[in-house]
Amino acid sequence: MKKNMDKLKSGDYVEVFLIKRSYKGILLENSGDDKGVLILKLDSGYNIGLIKKDILEVKLIKKFSEKEEKIEIKKSKEKPNVAMIITGGTISAKLNQKKGGVDWLDTPESLFKFYPEIFEKINLINVEVPFMKASEDMDFKEWKKIAKIAEKFLNNENIKGIIITQGTDFLHYTSAALSFFLRNLNKPVVLTYSQRSIDRASSDAKLNLQCSALASISDIAEVMIVGHATTNDDFCYAIPGTKTRKMHSSRRDAFKIINSKAFAKIFSDRVEIVSNYKKRDNKKRVKLDAKFEEKVALVKIYPGQDPEILNYFLKKKYKGIILEMSGLGHAPTKRARKSWTKKLKEVQGKGLIVCATAQTIYGRLDPWVYSNGRELLKTGIIYLEDMLSETALVKLSWVLGHGEWAKDKDIVKEKMLKNFAHEINDRLEIDFDF
């Protein structure tokens, strides 16, 4: 049977026939490294390479067209107005059918083409794209840019809420930063994501954006992450921005609530409140407080770890350290071959602020239970209750960024143990599904 490949182009949707089976997918450009391979993007979203000499026939199903369909988005006076900040990530990308890579969705029109459902409940009247970056390439400078735009939108009387799209890997750092940067919050700030791209049938983007649209016009005046609650397309959770963590590399319900409860369960057509939250107050004016000290580090305690590592942070003029400690808040003490007790006293005496979080993730610290915990507590470490390590890193950077606070360790301790944005839960009454 003749191989019908000469007239095919990248982007064409085809069926490729081999001796024992066939594959359907989008024909992708070959990088040039191996011209003897045909690259196909399957309907599942995965790419495969097929050896051309094994192909019996390639059948064209749909020709690729580079013409963009013109879309007119109709706004309704009955729908509330919402703004969006797009920063990159899988949720902000579409497949480039010729190259197999992605192009950015950065306008209401491009969003509407792939996610028309979010426009059913809202008017998306403002979209800003301060940058397009993977979340691992973002830091406090990008968080400040997002916060500054958010402040402008939140203080606009015509805008009812904000949706922010970002990559997943470090989304919980961004949500923590915005929780501290945006003071006197008056409206919903919703961060959402997609674990799987829109060209995959299992993409989570559609439901996440539908739920985010409803969250953005709700009465929940909080910084929250909204995304799949389960692996199914049934509902999303709206989670406090300081109490969430990415707990799986690829599952659609990757983000989990830690030591707390969700604000709400959000379905595609309704919001069900499940815990207390700060209510919308349009009379408030949001104040931007984005001060930040970059010289703060997160260090994980492990067996046999040499405390001399702290000398590096002193040499590099770091101002603070978050120690992710074992159990209820432990590190090797004088009973161990490499004791941390003496070194912790020394570095704190030289001005380094040391705070402790739990590497167990769930639960809270309690240094009073065992003698080694009490020994470490006496060195001056600030034990941060049930605060997540990532949140603690961002919060300590924010606190030390305020020069008037950073001068006095007692003030730093007071601020770190003050509950600004649900980062500390006084009573843990949560049943955890491990």
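Would you check which residues across the range 146-200 are small (G, A, S), more than 17 Å from V82 (Cα to Cα) and buried (at least 21 other Cβ atoms within 10 Å of the Cβ) and list them?
Hits for the range 146-200 are G167, S175, A176, A177, S179, S194.
Mind listing just one residue for me: the one in the range 299-315 that is over 23 Å from Y173 (Cα atoms), of a type in the set (D, E, K, R) and in contact (Cβ under 8 Å) with a residue 12 or more places away in the chain and, of those, surrounded by the fewest Cβ atoms within 10 Å (Cβ to Cβ)? The selected residue is E308.
Does at least one position in the range 321-336 carry a residue that is open to solvent by less than 30 Å² (accessible area, probe 1.4 Å), part of a loop (DSSP other than H, G, I, E, B) and either in contact with a strand residue (DSSP E or B) (Cβ under 9 Å, 6 or more places away or on another chain) or under 23 Å from A421 (Cβ atoms) (or both)?
Scanning the range 321-336 turns up at least one residue that is open to solvent by less than 30 Å² (accessible area, probe 1.4 Å), part of a loop (DSSP other than H, G, I, E, B) and either in contact with a strand residue (DSSP E or B) (Cβ under 9 Å, 6 or more places away or on another chain) or under 23 Å from A421 (Cβ atoms) (or both).
If you scan the range 229-270, which residues turn out to be part of a strand (DSSP E or B) and farther than 17 Å from Y362 by Cβ? C236, A238, A264, K265, I266, listed by residue number.
Quick grid of which residues meet (1) closer than 17 Å to F119 by Cβ; (2) modelled with pLDDT under 95:
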site: K141; (1), (2): no, no
site: N155; (1), (2): no, no
site: F170; (1), (2): no, no
site: F180; (1), (2): no, no
site: K187; (1), (2): no, no
site: D199; (1), (2): no, yes
site: N208; (1), (2): yes, yes
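Here A254, A262 are screened, and the one residue that is over 26 Å from L400 (Cα atoms), at pLDDT 95 or above, open to solvent by less than 30 Å² (accessible area, probe 1.4 Å) and among the aliphatic types (A, V, I, L, M) is A262. For the range 114-145, taking the residues that are loosely packed, with under 15 Cβ neighbours inside 10 Å and assigned to a helix (DSSP H, G or I), the one that is nearest to the chain's Cα centre (by Cα) is identified as E136. Among the residues of this structure, T379 does not count as one that is among the hydroxyl-bearing types (S, T, Y) and either outside any loop (DSSP other than H, G, I, E, B) or surrounded by 20 or more Cβ atoms within 10 Å (Cβ to Cβ) (or both).
Before we move on, is H228 of a type outside the set (A, V, I, L, M) and closer than 27 Å to L384 by Cα? Spelling it out, it is not the case that H228 is of a type outside the set (A, V, I, L, M) and closer than 27 Å to L384 by Cα.
Residues of the range 272-298 that are surrounded by fewer than 16 Cβ atoms within 10 Å (Cβ to Cβ), part of a loop (DSSP other than H, G, I, E, B) and among the hydrophobic types (A, V, I, L, M, F, W, C): V274 alone.
Restricting the search to the range 38-63, which residues are buried (at least 16 other Cβ atoms within 10 Å of the Cβ), more than 14 Å from F17 (Cα to Cα) and in contact with a Leu (Cβ under 8 Å, 6 or more places away or on another chain)? Passing the criteria: only K41.
Selection within the range 151-177: residues that are among the charged types (D, E, K, R) and touching a residue at least 24 places away in the same chain (Cβ under 8 Å). The member of this set that is nearest to L124 (Cα to Cα) is K160. Checked against (1) assigned to a strand (DSSP E or B); (2) over 22 Å from R245 (Cβ atoms), T357 passes all but a single condition, namely (2). Listed by first and then second residue, the pairs with beta-carbon distance under 8 Å, at least 6 apart or on different chains, first residue in the range 408-434 and at pLDDT below 95 and hydrophobic (A, V, I, L, M, F, W, C), second open to solvent by 60 Å² or more (accessible area, probe 1.4 Å) and part of a loop (DSSP other than H, G, I, E, B), are L428/R364; I430/K261.
The values are calculated or read from the model by the stated rules, or taken from the named source; none is laboratory data. It should be emphasised that the depicted structure is a prediction, and the values quoted were computed from it without experimental measurement. Counting neighbours? That spans all protein chains shown, and the Cβs are built from the backbone with ideal geometry, glycine included. Just the protein is used for accessible areas: all its heavy atoms, side chains included, with ligands, DNA and RNA removed. Shrake-Rupley method; radii C 1.70, N 1.55, O 1.52, S 1.80 Å.
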